[in-house]
Amino acid sequence: MNYRKLGKTNFEVSAVSLGTWQVGGGWGGPFDKSTAYRIIHEAIDQGVNFIDTADVYDAGLSEAAVGKVVRERSEEVYIATKCGRQIQPHLAEGYTPLVLRKYVEASLRNLGVETIDLIQLHCPPSPVYQRPEIFGLFEELQKEGKIRHMGVSVEKVDEALQALTFSNVATVQIIFNMFRQKPADVFFQEAKNNDCGVIVRVPLASGLLTGKISKETTFHPEDHRQFNRAGEAFDKGETFSGIPLEKGIEAVAELDDLLGDVAAKAIRWVLMFDAVSTVIPGASRVEQVRANVQASALPPFSPAEMEAVAEIYARYFKEEIHPQW
């Protein structure tokens, strides 16, 4: 495993880490604690030392599983969690220092830790970035020893840029993959200029970039890939990166012809960008953890391969995707 500096946190984190939205066995099904424990232990066994969770993942079960396993291990493992998505309706007016403080304190109890390594606002509405008192709360929590650092998880590049105006924002979590390339054009250099860690989520476009999804694939009714393709429940960009499924399947076929083993290459592609601190693919099986970690050891892309991936993105998606996110 290779390790990279996570911005101004100065944490040295695994280049491939673990996202835990589906750690209990997959989207939509019941949460299986034993599956979650096995996946998290395997990730740490493979050298992963950064695990991302959230208070809303499986109603706190994911967060609790992460805390339990990390407390059992002797290695130093950094826990990142998120808060704010419990606010319903999810509007900027619902964000107050008092509400967010309660969520952070609940996460401390659920994780079973005294200090959260990294707390992130969980894709707050854009007007929240005009609310200095919200970001000031996390300075207070840091002084109280309840958090070590704060960051934001964003839906749009513009939000990522707004977040950089707050000096205590140590990290930005953002969607970046072969089908969502705008961050590299607009955001990454600014992140480097501000010593901001970049955490990349959805590197496989909700499984689309594994090459295992076809037009005949069916999904659990409670799987967001079934019910959120048009943004019925939350930002559609979180589902297949916001691209039309059939168009995505065509583009994946081209990538597979070009590169082979598209799932591993998709993760390795993300790591070609030095602004990226870590990429956090999810896993619903132990085998997926191993495959994700092994992808980091693949040879670098050649300039010709990078150009070819950029051309496929430009031809299929750029005109539609760039303006939306």
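Take every Cα pair under 8 Å in the stretch 239-325 that's 6+ residues apart, average their separations, divide by the length, and report that relative contact order as a whole percent. Write down the numbers at each step before the final one.
Details: 40 pairs, mean separation 31.5, N = 87.
Worked out over the stretch 239-325, it gives 36 percent.
Show that you can apply the helix-only estimate: for the chain, add -39,500 (n - 2.57) for every DSSP H stretch of four or more residues, divide by all residues, and state [θ] at 222 nm to the nearest 500.
On the way: 13 runs with 125 residues, N = 325.
It lands at -11000 deg cm²/dmol.
First check a/c for the stretch 117-189, with a ≥ b ≥ c the square roots of the eigenvalues of its C-alpha gyration tensor; if it is under 1.5, answer rounded, and if not, answer prolate when a/b is larger than b/c or oblate otherwise. Please list the in-between numbers first.
Working: a/c = 2.43, a/b = 1.84, b/c = 1.32.
Verdict is prolate for the stretch 117-189.
Defining a contact as two alpha carbons under 8 Å apart and six or more residues distant in sequence, what relative contact order in percent does the chain show?
Numbers: 608 pairs, mean separation 70.7, N = 325.
This gives 22 percent for the chain.
Could you work out the relative contact order of the stretch 25-128? I mean the mean sequence separation of Cα pairs under 8 Å and 6+ apart, divided by the number of residues, in percent.
Details: 130 pairs, mean separation 29.0, N = 104.
Relative CO of the stretch 25-128 lands at 28 percent.
Considering lysine pairs in the stretch 137-246 that are 8 or more places apart or on different chains, how many have Cα atoms under 26 Å apart?
Lysine pair count for the stretch 137-246: 9.
Would you tally the net charge around Val262, using a Cβ to Cβ cut-off of less than 15 Å, leaving Val262 out, and scoring K and R as +1, D and E as -1? Each step should come with its number before you reach the end.
On the way: positive: Lys212, Lys265, Arg268; negative: Glu250, Glu254, Asp256, Asp257, Asp261, Glu305.
Once positives and negatives cancel, what remains is -3.
Mind pulling the angle between the C-alpha long axis of helix 132-143 and the longest principal axis of the chain? Nearest 10 degrees, somewhere in 0 to 90.
The helix 132-143 is inclined about 70 degrees to the chain.
If you place +1 on the Cβ of every Lys and Arg, -1 on the Cβ of every Asp and Glu, and leave all else neutral, what size is the dipole of the chain about its Cα centre, to the nearest 20 Debye?
Working: 34 positive and 44 negative charges, 97 e Å.
For this selection, approximately 460 debye.
Around Ile39, under 15 Å between beta carbons, what's the net of Lys plus Arg minus Asp minus Glu among the other residues?
On the way: positive: Lys33, Arg38, Lys68, Arg73, Arg285, Arg290; negative: Asp32, Glu42, Asp45, Asp52, Asp58, Glu63, Glu72, Glu287.
So the surrounding residues net to -2.
Among the DSSP beta bridges whose two residues both lie in the chain, what percent are antiparallel, rounded to the nearest 5?
Details: 4 of 32 bridges.
Here the antiparallel bridges make up roughly 10 percent for the chain.
Pairing the Cα long axis of helix 61-72 with the longest principal axis of the chain, what angle in degrees results, from 0 to 90 and rounded to the nearest 10?
80 degrees
Could you pull out the GluC sites (Glu not before Pro) across the stretch 143-196 that fall in loop regions by DSSP (anything but H, G, I, E, B) with no more than 13 other Cβ atoms inside 10 Å?
On the way: sites: Glu144, Glu155, Glu159, Glu190; in loops: Glu144, Glu155.
Here the sparse-neighbourhood loop sites are Glu144.
On a 0 to 90° scale, report how tilted helix 245-259 is relative to the longest principal axis of the chain, with both axes built from alpha carbons and the result rounded to the nearest 10.
Roughly 70 degrees between the two axes.
Each value in this text was obtained by applying a stated rule to the coordinates, not by laboratory testing. Computed from a predicted structure; not experimentally measured. Quick reminder, even Gly has a Cβ in these numbers, built from the backbone with ideal geometry, and neighbours come from all protein chains shown.
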